């Protein structure tokens, strides 16, 4: 009886070990390699993080994640100093819920989120008012004056994630003359870049037209350097 019990135990242990090895090989090696191979063959760009490259082939970011385009801080060690936008570039949506949102203050990938304040919150209303005034001031040039009524909603509010890489064509168009002036470019050239980087509705009716800020700024840099 004892020998039979030991024999059964050894047999079960051997079967379990074989199953473990087979499942480890199939689920831990074969399946991941197969999925990776299919992804690289059919969806290479997406599988590698939707990387955006400049004219020299260098990766400058992901088309799925927004970035800031700010001037260097005058005092890098000052945590209270607010970075000023570098106005030679197209600016993205606000990234921090328009205020002291601790979830995502600089397009951080640790966490994402926007402000949880209601639409009638006085502090939020003041943030939007101040943001609109800044957009009007920053984008007005000697020959083009921005009206407060022309400022679209995405210029003064963050997205639900706070990481939105896209802006509306209206917000991008609002920035064209300022970008052209700051870079010494003809307005028509910058408008051409914008037209080339404007994506329409999916299948012609789903979603809204959008402009990927990283892609647009990458093309702008190539134009300036070229």
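Table for the structure above
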item	result
FRET efficiency for residue 54 and residue 138, using Cβ-Cβ distance with R0 set to 30 Å, rounded to 0.05	0.75
Choice from 59, 22, 176 with maximal GNM fluctuation in the chain (Cα, 10 Å cutoff)	22
Order by protection proxy (mean Cβ within 10 Å, highest first), peptides 184-197, 5-18	184-197, 5-18
Most mobile listed residue (40, 91, 175) in the chain, GNM with C-alpha springs under 10 Å	40
Alpha carbon centroid spacing (whole Å) that separates segment 176-194 from segment 1-41	62 Å
The chain: most fluctuating residue of 174, 42, 163 per GNM, C-alpha cutoff 10 Å	42
Estimated FRET transfer efficiency (residue 71, residue 44; beta-carbon r; R0 22 Å; 0.05)	0.05
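Taken together, the values in this text are just the output of simple stated rules run on the coordinates, not laboratory data. Since we're looking at a predicted model, the values are computed, not measured. All Cβ positions, even for glycine, are placed from backbone atoms using ideal geometry, and neighbour counts span all protein chains on display.
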